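The values are calculated or read from the model by the stated rules, or taken from the named source; none is laboratory data. Being a predicted model, the structure only gives us computed values, none of them experimental. Here the Cβ positions follow ideal geometry from the backbone for every residue, glycine too, while neighbour counts run over all protein chains shown. For accessibility, only protein heavy atoms count, side chains too; no ligands or nucleic acids. Shrake-Rupley method; radii C 1.70, N 1.55, O 1.52, S 1.80 Å.
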Amino acid sequence: MAPATYASINLNAINHNVLQVKKFAPDAKIMAVVKANAYGHGLKRIAAQIAGVNALAVARVDEGISLRNSGFEKEIVVLEGFVNQDELYELISYDLTLVIHNHHQLEILINCTRKGRVKAWLKFDTGMSRLGFDSEQIRLIFQQLQSISVIRQPPGIMTHLANADDLSHSGTHAQMKLFADQTLHIQTEKSIANSAGIIAWPDSISDWVRPGIMLYGVSPFSDRNGATLGLKTVMALNSRVIAVKQLKAGTAIGYGSTWVSDKSIKMGVIAIGYGDGYPRSAQSGTPVLVNGSRVPLIGRVSMDMITVDLSKLSDVQPGDPVTLWGEELPVEEIAQWANTIPYTLLCGITQRVDIVEI
Ligand SMILES: *Cc1c(COP(=O)(O)O)cnc(C)c1O
């Protein structure tokens, strides 16, 4: 039996998008970012499908272990690194690449008695002010790491851009300059660019690039969608109509009675809500595809249902197909209507939503 609400994942689109990364960054190695269950697309599924990348990157140790346990044999980078000795030892045992970003980790490494040679990146905070050593410390820390025998030498150096999605922001130039100045004489692999860097800041492309959102066919910029960047949509979120009803003028719809019809309308109820990850913040007017045509959301999003105005469509029946976002209805557009970013929508798909590979 077909599930009421499901996300379809177009696995071929992933590798098309990897090729797009290579068009922007032909000489760089690719660390494909698959944190947060591959941005909601399914970690193991994406890891099994993706081709032509040099490593995968996750945020946390447990994500790295589950990826390794699924049989993925290539390099896995754990972007947040470890917080205690147990986690460090797990990283070493599972041959996961470390990211070293603070003094606490350095202490643990200095006291590490494990043998082995684990790959590591040193994180340089050039302006995100989140993880990483600052510019006064970075060269000294790089030197200190040379004497830590458990680390394969030399560690790479990476930084993360805070404003690469904003083409007019001067902070990106400042971050790139600081990175270049401080690492100029350090001979090792370097990495700066996320998706927005890869697409819009050619100077941020160095030895390794770290695409995330663009692999899923989605744009990191608020003013253009993935298709305009040559990317192919990977996820579509689908459901179906479960009721169609004629309402009199003056009828209030849904919780809070926030939407009141000013004329007689034909309303449709669709089996999706915030319990599936459809954003509650989606405003009345948010487009929804019913039988392939755009109709507006009306009233509040509930846990299991939304309501739409079907007046302009003839002959809609319960069971008819609905798409909430996908190739024909970019998730970037839905994110704008919901006052959020596409990242939160993709990773916000809940357990209840079946995943169907196409
Ligand atoms: C999430 C993440 C990325 C990928 O960012 P996108 O904007 O999705 O391309 C790259 N690098 C780091 C350190 C990250 O945390």
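Shape call for segment 52-136 from the C-alpha gyration tensor, a ≥ b ≥ c root eigenvalues: rounded (a/c under 1.5), prolate (a/b greater than b/c) or oblate? List each step's numbers first, then the result.
Working: a/c = 2.07, a/b = 1.29, b/c = 1.61.
Taking the square roots of the gyration eigenvalues as a ≥ b ≥ c, segment 52-136 is oblate.
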Could you derive backbone 3J(HN,Hα) for segment 225-236 from the dihedral phi with the Karplus parameters 6.51, -1.76 and 1.60 (θ = phi - 60°), listing whole Hz in sequence and x where the residue is Gly or Pro?
9, x, 4, 5, 9, x, 9, 10, 4, 9, 9, 10
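Please say if segment 236-318 is rounded, prolate or oblate, where rounded means a/c under 1.5 for a ≥ b ≥ c the square roots of the C-alpha gyration tensor eigenvalues, and otherwise the choice is prolate for a/b larger than b/c and oblate otherwise?
Values: a/c = 1.74, a/b = 1.13, b/c = 1.54.
Taking the square roots of the gyration eigenvalues as a ≥ b ≥ c, segment 236-318 is oblate.
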Filter the DSSP H helices in the chain by two things, a Kyte-Doolittle mean of at least -1.0 and an axial alpha-carbon span of 20 angstrom or more, and list the hits by number.
11-24
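Give me the percent relative contact order of segment 174-243, please, defined on Cα pairs under 8 angstrom at least 6 residues apart.
Working: 72 pairs, mean separation 14.4, N = 70.
About 21 percent, as a whole number.
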Determine ³J(HN,Hα), in whole Hz, for all residues of segment 198-204 in sequence, where each value follows from phi through the Karplus function 6.51 cos²θ - 1.76 cosθ + 1.60 and θ = phi - 60°; x replaces Gly and Pro.
4, 7, 10, 10, x, 5, 8
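Could you do me a favour and compute the accessible area per residue for the chain, 1.4 Å probe, result in Å²? Walk me through the numbers on the way to the answer.
Numbers: 16080 Å² over 358 residues.
Here the residues of the chain average 45 Å² of exposed surface.
With all protein chains present, how much of the accessible area of segment 204-358 (probe radius 1.4 Å) comes from carbon and sulfur, to the nearest whole percent?
Numbers: 3400 of 6860 Å².
Carbon and sulfur atoms account for 50 percent of the accessible area of segment 204-358.
On a full-extension model of 0.36 nm per residue, what is the gain between Ile358 and Glu136, subtracting their alpha-carbon distance, rounded to one decimal in nm? Mind dumping the intermediate values first?
Details: separation 222, 0.36 × 222 = 79.92 nm, distance 5.02 nm.
So the extension gain works out to 74.9 nm.
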Just to check I understand the Karplus step: with θ = phi - 60° and J = 6.51 cos²θ - 1.76 cosθ + 1.60, what whole-Hz values come out for segment 279-286, glycine and proline as x?
x, 5, 6, 4, 7, 4, x, 3
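Structure shown: which of Lys29/Lys74; Lys23/Lys123; Lys248/Lys312 lie over 19 Å apart, alpha-carbon to alpha-carbon?
Numbers: Lys29/Lys74 13 Å; Lys23/Lys123 26 Å; Lys248/Lys312 16 Å.
Listed pairs above 19 Å: Lys23/Lys123.
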What does the charge add up to near Ala4, with Lys and Arg as +1, Asp and Glu as -1, over the other residues with Cβ less than 10 Å from its Cβ?
-1
Taking a ≥ b ≥ c as the square roots of the Cα gyration tensor eigenvalues, with a/c under 1.5 meaning rounded and otherwise prolate when a/b beats b/c, else oblate, which class fits the chain?
prolate
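Would you work out what percent of the accessible area of segment 1-146, with all protein chains in place, is carbon or sulfur (probe 1.4 Å)?
Values: 3170 of 6660 Å².
Heavy-atom surface of segment 1-146 belonging to carbon and sulfur, 1.4 Å probe: 48 percent.
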